[in-house]
Amino acid sequence: MTERQMLLRQLPAVHEVLQTEMARRLSQTVPRPLLTEAVRKALEKVRQKILQGDGAKVPTAEEVAAQAKMILWREVVPLMPRVINATGIIVHTGLGRSLLSQRAVQRIVEVATHPCALEVDEVTGERSFRDLRVEKLLCLLTGAEAATVVNNNAAAVLLILNTLAEGREVIVSRGELVEIGGSFRIPEILRKSGATLVEVGTTNKTRLSDYERAITERTALLLKVHQSNFRIIGFTEQVRLDELVALGRKHNLPVVEDLGSGALDRMCRGWALRKSRWCKRA
């Protein structure tokens, strides 16, 4: 028997680890199947180290339980621990984006811990729609005729394109065929929506005339995509939104702008935002 085989045989069994004091404490707050999975993962990591011959020692059952505890919170039951945002980015995608106000949190707790009129009209008692209330608020804030809510921007773009452009063409600047968070790519979203991508211009320069030349009877809409995570500088040219809207009106075509995210508050009072595109449009 080799030394590695001897070390492997000395590893504690899963049931021995589950009988340790730490495992018993964990079992009071964690379902047994999840705890067992974490123990097996911990033992497997030790086995791999032994097989690789990196000088790994055989841990005790208590030590395996301690490793299982770390694996439990990191891999089996991943949590979202509180952190300090020292990145310099106020609204950080990886750190939770915009924080909710205490008032909003309290309201969420109230609604989540009591029965609520989710799909029932509280006046008539008749069945309603769950997005009716938020639609009214969004229409009030934005001036839109109708609205709905999805869980990310890619889903919103997909719904818009599928609704307005399925089986038809969508014109997009080549400099705006971006990949956004979650590895969502504009060409792929277009393809999934059933629309056909029509690229115009070049990576660094797109003119209004490029859009107009590409318009045909199959054109469904003009799409403008915000370059949220990168910039092309130097010898560049882009079409402004107001110019694209004017072109859309000329040809009776809707214009959709994918902003990546939307701020519904006019933040012009902030000194750093006084020259922002939102303030100019507001």
Requested in this report: Please list, in chain and number order, the residues 5+ apart from Glu257 or on another chain whose amide H is under 5 Å from its amide H, with Hs placed from the backbone.
Outcome: Lys224
Report summary line: At R0 = 22 Å the Cβ-Cβ FRET efficiency linking His92 and Val149, nearest 0.05, sits at 0.50
Query raised in the report: Roughly how many debye, to the nearest 20, is the charge dipole of the chain about its Cα centre, given +1 on each Lys and Arg Cβ, -1 on each Asp and Glu Cβ, and no other charges?
Result: 800
**Report entry** Cut-off 11 Å between beta-carbons: net charge of the residues surrounding Leu177, Lys and Arg +1, Asp and Glu -1
**Finding:** -2
Report task. Be a star and scan region 144-166 for residues whose amide nitrogen sits under 19 Å from the point 7 Å along the Cα-to-Cβ vector of Thr196. Result -> 161-166
Query raised in the report: Which of Ile84, Ile171, Ile189 moves the most in a Gaussian network model of the chain with Cα springs under 10 Å?
Result: Ile84
Report task. Quote the FRET efficiency, to the nearest 0.05, computed for Ala104 versus Arg133 with a Förster distance R0 of 22 Å and r equal to the Cβ-Cβ distance. Result -> 0.90
Requested in this report: Taking 7 Å along the Cα-to-C-beta vector as the label spot, tell me the Glu217-Asn252 distance in nanometres, rounded to one decimal.
Outcome: 1.3
Report task. Report, by chain and number, residues whose modeled amide H sits under 5 Å from the one on Thr20, excluding near sequence neighbours (fewer than 5 apart, same chain). Result -> none
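Given the -39500 (n - 2.57) contribution per DSSP H run of 4+ residues, what per-residue ellipticity at 222 nm results for the chain, rounded to the nearest 500 deg cm²/dmol?
It lands at -12000 deg cm²/dmol.
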Query raised in the report: With a sphere of radius 12 Å drawn around the Cβ of Thr206, what net charge do the other residues whose Cβ falls strictly inside it have (Lys, Arg +1; Asp, Glu -1)?
Result: 0
Query - Cut-off under 5 Å, modelled amide H: who pairs with Val120 long-range - result: Ser128
Query raised in the report: Near Lys205, which lysines are there with a Cα under 22 Å away, not counting those fewer than 8 places off in the same chain?
Result: Lys224
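Values quoted throughout were computed directly from the atomic coordinates according to the rules given, and no laboratory measurement underlies them. Just so you know, these numbers come straight off a predicted model, no measurement behind them. Backbone-built Cβ (ideal geometry, glycine too); neighbour counts: all protein chains shown.
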